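Let me begin by presenting the structure, written as structure tokens, before commenting on it.
The values are calculated or read from the model by the stated rules, or taken from the named source; none is laboratory data. Worth saying up front: this structure is predicted, and the values here are computed from it rather than measured. Cβ coordinates were reconstructed from backbone atoms using ideal geometry, including for glycine residues, and neighbour counts include every protein chain displayed. Just the protein is used for accessible areas: all its heavy atoms, side chains included, with ligands, DNA and RNA removed. Shrake-Rupley method; radii C 1.70, N 1.55, O 1.52, S 1.80 Å.
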Amino acid sequence: MTSGTKYRTSASLILVAPPSTATSSSDYNLLMLKRSDATAIVQNQCVFPGGMLDNVGDESVAWLEYFDQFGVPEVALRRLVLISDHRPGLLAPQGNGCYDRFFKRTKIWAREIILRLTALRECFEEVGILLCRTREQLAHLNDEHLLAQFQQDFDRDAWQRRVHNKPSEFLDLCRELKVVPDLWALQEWSAWASPAIINKGHETAFFMAFVNTQPSLQVEPSEVKECLWSTPKELLTLYHHGELWFLPPQIYELSRLLGIKDYQKLHAFAVQRSKLGTTLFLPVVYSCSDSMVYALPGDEFYVPEPHLVSDVISFPGTASDLRSRSKRIHRYEYKNQTAIELYLNFEAPNGHLAPQKFPFELHKL
């Protein structure tokens, strides 16, 4: 088995805020974007803010020089980097050097910093939210539960167009406002890659950040059709009714969040869990008689080198038959566009939340 998949690197931001009005299902909302007709895979596709890594804008050594000039302590950058022999390639150091070379201004970067820059830049491009810190706010980086800071009192419309057209302008924006991107408020959350059966796939790092109020939004119309601040349960209900459409990573992450309904508890969990690293979820695809099954890490039917499985594996039976032959199960079964079942019968990797079963009793919102 050989894979011709060309993975494009990207980053997404799960932005969490208290609700503007009281809700019974949760005391926090998530920001999700309905893609424009020009960018959506299918109608009503919704995603978290995020997008592709820009090698020129996000990996520029000029960022290192700016951090140094701004007075960002080296230790503050180092705390973002997780040293481990088990990092997925998406988050591993790039090039042949060690992490120290990143701090000596070579072109070898720590991915934990690059992809945070990508997520923050894309969030500003798509909805005009600039998560950033002033010099004074850098003094609070050691706060136990760090909230993301943001600025809105500037010509967002003009700068949003500039950054959208030329990602390297994001650095110019920070210089103009005398701020640095709020890298430290982004907690490492998860990582996903497209199955190797897809020729041009994505590998995406997901980060989570918390704000104390919902920022005002400024939609970039060529990419975003509509924005939603909603609870995980509300979003999944809309999906099951066919009013929104999600790719499996979004369904999995929303289902995880059904397990924590409290804003403060979720924040505390995200901060502590981010120190434990991330396992890349690159599904291995099985074709059953009644559905497609996507095995995930730890599943008995997962394989050591999933990036090499470039063909769908045929299984002579139903998804239930495949489950009955498995002691360890970590997978999702895809029956149709609004029917995905998630299964995990052991402790979630990296101290993470297990996806919760969505209630069968669906009510109109």
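List of remarks:
- Shown is the FRET efficiency for Arg135 and Glu74, computed with R0 = 22 Å from the Cβ-Cβ distance and rounded to the nearest 0.05: 0.90.
- Isotropically averaged projected area of region 217-279, using the convex hull of Cα atoms (one quarter of hull area), nm²: 6.0
- Under-5 Å amide H pairs with Ser230, H placed in peptide plane, nonlocal only: Leu30, Met32
- Chain lengthening between Val42 and Ala268 when straightened (0.36 nm per residue, less Cα-Cα): 77.8 nm
- Prolate/oblate/rounded label for region 139-226 (Cα gyration tensor, a/c 1.5): oblate
- Residue-by-residue Karplus 3J(HN,Hα) for region 286-303, coefficients 6.51, -1.76, 1.60, Hz, glycine and proline x: 10, 9, 9, 5, 10, 5, 9, 10, 10, 7, 10, x, x, 5, 4, 9, 7, 10
- Cα pair distances of the chain binned at 10 Å [whole percent]: 5, 24, 34, 25, 10, 2, 0
- For region 270-308, the residues whose backbone nitrogen is under 18 Å from a point 7 Å from the Cα of Arg328, taken along Cα to Cβ, are 278-285, 294-307.
- Over the chain, DSSP H runs of length four or greater, each weighted -39,500 (n - 2.57), average out per residue to a 222 nm ellipticity of -7000 deg cm²/dmol.
- The radius of gyration of the Cα set in region 270-316, together with its Dmax, comes out at 13.7, 44 angstrom.
- Links that overshoot a 19 Å alpha carbon limit, given the list Lys233/Lys357; Lys275/Lys327; Lys34/Lys200; Lys261/Lys357; Lys233/Lys261: Lys275/Lys327; Lys34/Lys200
- Carbon + sulfur, % of accessible area of region 199-290 - ligands and nucleic acids excluded, 1.4 Å: 50
- For the residues Asn44, Asn142, Asn29, a GNM of the chain with alpha-carbon springs under 10 Å puts the largest fluctuation on Asn142.
- Region 117-263 - convex hull of the alpha-carbon atoms, volume per residue in Å³: 143
- Here region 132-198 exposes an accessible surface that is 42 percent carbon and sulfur, computed with a 1.4 Å probe and the other protein chains kept in place.
- P(r) of region 241-343 over all Cα-Cα pairs, binned every 5 Å from zero, in whole percent: 2, 11, 19, 20, 18, 14, 9, 5, 1, 0
- Fully extending the segment from Ser287 to Asn345, taken as 0.36 nm per residue of separation minus the present Cα-Cα distance, adds 18.8 nm.
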